[in-house]
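The block underneath contains the structure these notes are about, expressed in structure tokens.
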Amino acid sequence: MFSTRDTIVAIATPSGRGGIGVVRVSGAAAGQVVGRILQGATKLEPRRATLASVASANGVSAALDRVVATSFPGPGSYTGEDVIEISAHGTPVLLHQIVDAAVDAGARQAEPGEFTLRAFLNGRMDLVQAEAVADLIEAVTPLQARVAFDQLEGTLTKAIGEIDDQLFDLIARLEASVDFPEEGYHFADASTVEAEARALLDKTDALLLHAGRGRMIREGCQVVILGKPNVGKSSLFNRLLGTTRAIVTAVPGTTRDLLTEVLDFDGIPVTLVDTAGIHVTEDAVESAGVERARRALGVAAAVIVVLDRSRPLSDEDAELLEFTAETDRVIVVNKIDLPARWGADDLPPLPDAPPTVSVSLRRDADTDQVALRTVMAGLLAQRDEHREAPALSNQRHVRLVKRAREALARALEAAQATAPEELILADLQDARSAFEEVTGKRTADDVLNEIFSRFCIGK
Ligand SMILES: Nc1nc2c(ncn2[C@@H]2O[C@H](COP(=O)(O)OP(=O)(O)OP(=O)(O)O)[C@@H](O)[C@H]2O)c(=O)[nH]1
Ligand SMILES: [Mg+2]
């Protein structure tokens, strides 16, 4: 890994043009570096915006721009080090020249995520919060931003911290019992250990309870539209997106490949997939599309099965209903503006009783629109879920908390069987180390590399 002692510099604002662009410098030599490239401001007062000019380090060239420089002395800064932010005009060439000037003056170009890595290494934030910075920057829906911001504010850190404190306390008492057996006195008797292990397990379960939804908010999900040819899949796709993205024609087999678009559905980024109509075909291109449609089902969080009420139900419909039975699904009965050729009783028995809406995608009725949205929302919100933002959303965290949960379950089992304290201790310590990996109290270098390399430069 690169040195964490250098003074680093990078453009902190997005690439592209803007009213202002910010160059950030962090490290012990930040003051010296910036002092060499600023003109007209001999001293920057802490947290005070100062107007100055910026020039190359050797001072031979003319000034590059008029800027506003602000100094944030460590340890109270973002990185915990001395930080200086230079706000210049937001022109990429100019910002690069300022970075070059800072490099000539002794700074090093920052690696991706390096500012936040330093904040983590200097104890300004834990790993959960550092990851939340990346999530917040990447957020595309307001709910994603909120979940990330909650984590940045420390909600998950706090929840894990509480569990960790209790674990520590229990471990300490158990260790004392092991270390002083001759006292004839147990610092923690079996029933207390059992009760405490159970309480810890319950708390961990509570954390995991909404993790599924949390992941869906953070990573989004795929919803695949399936149906036999010509039932109105592409019409539905377009309707949900509110654009005419997919080609709709009266010819069956119009859609031949997968079409995907992302839409914000109640804060969840949903990748909607339109597919080729599923049926038996001799046409090589079309059958490849059908095969893809079947495969898309494999990664889908949910499916929308479209049925056409103006044509008799066929074997293809029955087959489709059968092979989607294992996935969360809704049924859209389309073309109700035309005479009905079948009714609800003609459908094969559907054990999961999927929500069903009847619509006409040719006409433009608000009632259809509302019905579709309600059904989709129900599908994505997972039944009795309350609307609180879940604490766990990151797959890395979920994996570790699950590992901690398993260790706690083993500890509880051992306590119930009044197993020797050493055995219970080993499981409790496993649980603790998993929790500490979430917050970064205990983390291998390669995990850090992996996490921070996902950032962009300047963050
Ligand atoms: N009358 C009527 N026609 C509809 C309705 N919805 C779609 N259609 C028509 O049905 C035909 C097929 O619609 P698409 O949306 O292309 O159907 P698809 O399932 O994507 O078809 P493929 O891509 O060929 O599998 C078009 O002519 C649509 O205008 C509806 O509610 N009522
Ligand atoms: Mg289509």
Subject >> Of all residues in segment 389-418 being surrounded by fewer than 19 Cβ atoms within 10 Å (Cβ to Cβ) and assigned to a loop (DSSP other than H, G, I, E, B), the one that is modelled with the lowest pLDDT >> reply: T418
**OP:** Within segment 166-185, identify whether any single residue is closer than 19 Å to R410 by Cα and within 21 Å of the chain's Cα centre (by Cα), and answer yes or no.
**Re:** no
Original post:
Could you list, in sequence order, the residues of segment 335-355 that are crowded, with 16+ Cβ neighbours inside 10 Å, within 16 Å of ligand 1 (Cβ to nearest atom) and either touching a residue at least 60 places away in the same chain (Cβ under 8 Å) or not hydrophobic (A, V, I, L, M, F, W, C) (or both)?
Top reply: K335
**OP:** For residues that are surrounded by fewer than 21 Cβ atoms within 10 Å (Cβ to Cβ) and of a type in the set (A, V, I, L, M), scanning just segment 199-215, find the one that is nearest to ligand 1 (Cβ to nearest atom).
**Re:** A211
**OP:** Please state which one of A276, A250 is modelled with pLDDT of 80 or more, open to solvent by 50 Å² or more (accessible area, probe 1.4 Å), near ligand 1 (Cβ under 7 Å from one of its atoms) and of a type in the set (A, V, I, L, M, F, W, C).
**Re:** A250
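Here's the yes/no breakdown for (1) within 30 Å of D150 (Cβ to Cβ); (2) out of contact with any strand residue (DSSP E or B) (no Cβ under 6 Å at 6 or more places or on another chain); (3) of a type in the set (S, T, N, Q):
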site: V223; (1), (2), (3): yes, no, no
site: G227; (1), (2), (3): no, no, no
site: S234; (1), (2), (3): no, no, yes
site: L241; (1), (2), (3): yes, no, no
site: R256; (1), (2), (3): no, yes, no
**OP:** Having 2 or more residues that are over 30 Å from E138 (Cβ atoms) is the bar; report the strands (runs of 3 or more DSSP E) wholly within segment 248-363 that clear it.
**Re:** 302-308, 328-334, 356-358
Original post:
Has segment 419-431 got at least one residue that is under 18 Å from the mean Cα position of the chain (by Cα) and surrounded by fewer than 18 Cβ atoms within 10 Å (Cβ to Cβ)?
Top reply: no
Subject >> Tabulated pairs, segment 225-241, first open to solvent by 20 Å² or more (accessible area, probe 1.4 Å) and more than 8 Å from ligand 1 (Cβ to nearest atom), second of a type in the set (G, A, S) and not in a loop (DSSP other than H, G, I, E, B), C-beta under 9 angstrom, 6+ apart or interchain >> reply: none
Subject >> Output for segment 93-150, where each listed residue is open to solvent by 60 Å² or more (accessible area, probe 1.4 Å), touching a residue at least 60 places away in the same chain (Cβ under 8 Å) and under 12 Å from the mean Cα position of the chain (by Cα) >> reply: I137, V140, R146
**OP:** Scan segment 257-280 and report the pairs whose first residue is charged (D, E, K, R) and whose second residue is more than 16 Å from ligand 1 (Cβ to nearest atom), with Cβ atoms within less than 8 Å and a gap of 6+ or a chain change.
**Re:** E261/T271; D264/V140; D264/T141; D264/V270; D266/L143; D266/A377; D266/L380; D266/A381
Subject >> Residue check for D274: in contact with a strand residue (DSSP E or B) (Cβ under 7 Å, 6 or more places away or on another chain), within 13 Å of ligand 2 (Cβ to nearest atom) and of a type in the set (D, E) >> reply: yes
**OP:** Please find, among L236, L240, the residue that is within 16 Å of ligand 2 (Cβ to nearest atom), at pLDDT below 90 and assigned to a helix (DSSP H, G or I).
**Re:** L240
**OP:** Can you tell me which residue among A391, A302 is more than 13 Å from ligand 1 (Cβ to nearest atom), within 30 Å of T439 (Cβ to Cβ) and touching a residue at least 60 places away in the same chain (Cβ under 8 Å)?
**Re:** A391
**OP:** Report yes if A172 is more than 16 Å from ligand 1 (Cβ to nearest atom), part of a loop (DSSP other than H, G, I, E, B), open to solvent by less than 50 Å² (accessible area, probe 1.4 Å) and not basic (K, R), otherwise no.
**Re:** no
Original post:
Which condition does R256 not pass, out of (1) at pLDDT 85 or above; (2) within 13 Å of ligand 2 (Cβ to nearest atom); (3) surrounded by fewer than 19 Cβ atoms within 10 Å (Cβ to Cβ), if it passes all the others?
Top reply: (1)
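The values are calculated or read from the model by the stated rules, or taken from the named source; none is laboratory data. Worth saying up front: this structure is predicted, and the values here are computed from it rather than measured. Reconstructed Cβ throughout: ideal geometry from the backbone, glycine too, with neighbour counts over all protein chains shown. Just so you know, the surface numbers come from the protein's heavy atoms only, side chains and all, with ligands and any DNA or RNA stripped out. Shrake-Rupley method; radii C 1.70, N 1.55, O 1.52, S 1.80 Å.
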